[in-house]
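Visitor: Got a structure for you, questions after.
The values are calculated or read from the model by the stated rules, or taken from the named source; none is laboratory data. Everything quoted here is computed from the prediction, not taken from an experiment. Using ideal geometry, Cβ is built from the backbone for each residue, glycine included, and neighbour counts are taken over all protein chains shown. When the accessible area is computed, the model is the full protein with side chains, heavy atoms only, and any ligands, DNA or RNA have been set aside. Shrake-Rupley method; radii C 1.70, N 1.55, O 1.52, S 1.80 Å.
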Amino acid sequence: MCGVLGAYSGKDYVAEEIYLGLSALQHRGQESAGVAWINGDRRINVIKGMGLVHEALDQGRLANVKAKAAIGHVRYSTAGGSHEQNAQPICANYAQGPVAIAHNGNLTNFKILREELESRGAIFQSTSDTEAILQLLAHQPKRTPLDALRRALAGVTGAYSLVVLMEEGLVAARDPWGFRPLSIGRRGDNYYVASESCAFNLLGATFVRDIEPGEVLLINERGLSSYKIPIETSRKCLCSFEYVYLARPDSVIEGRSVYRARQEMGRRLARGEGGERCVLTDGVADADFVASMPDSGTTAALGYAEESRLPYEAAVVRNRYVGRTFIQPTQRVRELGVRIKLSPSPDLFRDRSAILVDDSIVRGTTAGLVVSMIRECKTRGIHLRISSPPVRYPCFYGIDTPSKGDLVAARCTIKEIAESVGADSLFYLSREDMVKSIGIPDNRLCTACFDGNYLEETDESESRRMVKRIFEQV
Ligand code: SF4
């Protein structure tokens, strides 16, 4: 996870707009937030802190900042620990001037990058992989920052959607595989770059287009200039999990509405064709209503209800005042966290049979606890429906899924999962139906956490050669 946002304007008020836009990207990261801008005196400035946007940043202070360009970040850690040192944007003043960078994704060759850079004298201030990109820039002191960035990215593998602030202007870059979304919006002379288009809605901007995989886009007083990262790739890998769970339903990614994709997942799930399934007790046919695990399962549940001609009822209530930061990574506190966060309505479940739709099952903790709470309501039946295939493989591209041993679908059969969560039946959406619902060609999507079809890893010696090439003719 993580959300990035950049703004470029002919006027001097974009820092506060970054604050506001980051609020729309809050679902992508709640651990820390930050905003960076460059002053007229060539100094880089940054405000960042731990917590939600309104906790970490002072809106009043940002409203008084005069800056024509600024970038921001909300963080959910996947590489490097959750502490202030790793909060972004990461900033530096180097031989070619000030630079600030904010990153969504995960660099798969970070260990090699760090070893190579440290062998050349680099001193890392954080454990975040993003700092390696900044260090690669600083180790090419004779190139312009933009040229150095393009060259640096040719030595990096994995997932990155970046916003970078340099004296040449605001830069947006997306890895050649296109793992994470990144798009451009516009309001008059103002340009915005955001992880998700929902930020444009809040800023009154209109969506212009997605940043292409492998594109480096410079925005400054001369307008938009597009460049390529000099690296060839044979496949594209837009994360399918963005459509299943990560992105906000009011976002549009690569021309496909996240809401419409989730709704279609629900419809196809209701048709019940093809996905992995298990029925422990009969009674699916006499379900009284469809409910969802809020909020992530709600859009698919609406599609399911429409297709099955059953009423949708908001029978599981979410406590909106508990954030993800509350949930600590121990089983005991995670279980308590679920009870505080989600609560079934006894009146709606008592003596009735329900279809309960969720977007995915990762560890099985949430599903198991919610089903047991529903059982306490004296339900007649509870049939769990999952609007994606079983998650059996970890993600190495910027999503904090647990290791394989902690993924319930990697350890257990579908019957064992149904038994362990206490459902009367359990159906998953098939991979084919998930891809059809997303509506983007199969060969442009990453589905590795469902099928293990990872991007072929660059072997270590080739990866070292790629990194060394960056430093040639510096
Ligand atoms: S492995 Fe899964 S979560 Fe990670 S990028 Fe691929 S589809 Fe997305």
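Visitor: Name the residues whose placed amide hydrogens come within less than 5 Å of the amide hydrogen of residue 240, ignoring near sequence neighbours (fewer than 5 apart) on the same chain.
Guide: Placed amide hydrogens put 446 under 5 Å from residue 240.
Visitor: Output the antiparallel fraction of DSSP beta bridges having both residues in region 263-438, as a percent to the nearest 5.
Guide: Of all bridge pairs located within region 263-438, approximately 30 percent are antiparallel.
Visitor: Now, a different point. Of the peptides 40-46, 87-93, 337-343, 99-105, how do they stack up when ordered by the mean number of other Cβ atoms within 10 Å, highest first?
Guide: Per-residue Cβ counts within 10 Å, averaged per peptide and sorted highest first, yield 99-105, 87-93, 337-343, 40-46.
Visitor: For region 334-384, just run the numbers: alpha carbon Rg, then divide by 2.2 N^0.38 Å, N being how many residues it has.
Guide: Region 334-384 yields a ratio of 1.09.
Visitor: For residue 70, enumerate residues with amide H under 5 Å from its amide H, sequence gap 5+ or separate chain, H modeled in the peptide plane.
Guide: Counting only residues 5 or more places away or on other chains, the set is 7.
Visitor: Specify the angular offset, from 0 to 90 degrees and rounded to the nearest 10, of the alpha carbon long axis of helix 331-341 from the longest principal axis of the alpha carbons in the chain.
Guide: The angle comes out near 80 degrees.
Visitor: Place the peptides 444-452, 123-131 in order of packing, highest mean first, counting for every residue the other Cβ atoms within 10 Å and averaging per peptide.
Guide: Per-residue mean Cβ counts within 10 Å order the peptides as 444-452, 123-131.
Visitor: Also, quick follow-up: For the chain, what proportion of DSSP beta bridges, expressed in % and rounded to the nearest 5, is antiparallel?
Guide: That works out to approximately 80 percent antiparallel.
Visitor: Turning to a different aspect of this structure: With a probe of 1.4 Å, find how much accessible area region 1-103 has per residue, and write the answer as a whole number in Å². Write out the running numbers ahead of the final one.
Guide: Details: 3580 Å² over 103 residues.
Ligands and nucleic acids excluded, the result is 35 Å² per residue.
Visitor: Related question: Can you flag which of 142/228; 236/415; 236/436; 341/436; 48/404; 341/378 are past 24 Å Cα-Cα?
Guide: 236/415; 341/436; 48/404
Visitor: Here's a follow-up. Just to check I understand the Karplus step: with θ = phi - 60° and J = 6.51 cos²θ - 1.76 cosθ + 1.60, what whole-Hz values come out for region 272-286, glycine and proline as x?
Guide: x, 9, x, x, 5, 7, 7, 10, 8, 9, 5, x, 4, 4, 9
Visitor: Same structure, new question: With the contact rule set at Cα under 8 Å and sequence spacing of 6 or more, what percent relative contact order holds for the chain?
Guide: Answer for the chain is 15 percent.
Visitor: Using helices alone, I'd like the mean residue ellipticity at 222 nm for the chain: each DSSP H run of four-plus residues gives -39500 (n - 2.57), total over residue count, nearest 500.
Guide: Using -39500 (n - 2.57) per qualifying helix, the result is -8000 deg cm²/dmol.
Visitor: Compute the whole-percent fraction of alpha carbon pairs in region 368-416 spaced more than 13 Å apart.
Guide: 68
Visitor: Where only protein heavy atoms count, and the probe is 1.4 Å, what is the accessible area per residue for region 245-308 in Å²?
Guide: 40
Visitor: Among 276-284, 166-174, how do they line up from the highest to the lowest mean number of other beta-carbon atoms within 10 Å?
Guide: 166-174, 276-284
Visitor: Along region 435-441, what does the Karplus equation 6.51 cos²θ - 1.76 cosθ + 1.60 (θ = phi - 60°) give for ³J(HN,Hα), rounded to whole Hz, x for Gly and Pro?
Guide: These are the phi-based 3J(HN,Hα) values: 5, 4, 5, 5, x, 10, x Hz.
Visitor: Which whole-Hz ³J(HN,Hα) couplings does region 451-456 yield from phi under the Karplus relation 6.51 cos²θ - 1.76 cosθ + 1.60, θ = phi - 60°, glycine and proline marked x?
Guide: Each residue of region 451-456 in turn: 10, x, 7, 6, 4, 4 Hz.
Visitor: Follow-up question, since we're still on this one. Rg to Rh for region 263-438: what is it, with Cα atoms only and Rh by Kirkwood?
Guide: 0.94
Visitor: Loop only by DSSP, 13 or fewer other Cβ within 10 Å of the Cβ. Give me the trypsin sites (Lys or Arg not before Pro) in region 59-125 that pass, ordered by residue number.
Guide: Hits after loop and neighbour filter: 66, 120.
Visitor: Then there is this: Please report the carbon-and-sulfur percent of the accessible area for the chain; probe 1.4 Å, protein heavy atoms only, DNA, RNA and ligands left out. Show your work: numbers first, answer last.
Guide: Values: 8970 of 18570 Å².
The nonpolar share, carbon plus sulfur, comes to 48 percent.
Visitor: Need the C-alpha centroid separation for region 89-161 versus region 1-19, integer Å.
Guide: Centre-to-centre distance over Cα atoms comes out at 22 Å.
Visitor: Once Rh is set to the Kirkwood radius over Cα pairs, what Stokes-Einstein translational diffusion coefficient, in µm²/s, holds for the chain at a temperature of 4 °C and a viscosity of 1.567 mPa s? Working shown, then result.
Guide: Values: Rh = 23.1 Å.
D = 56 µm²/s.
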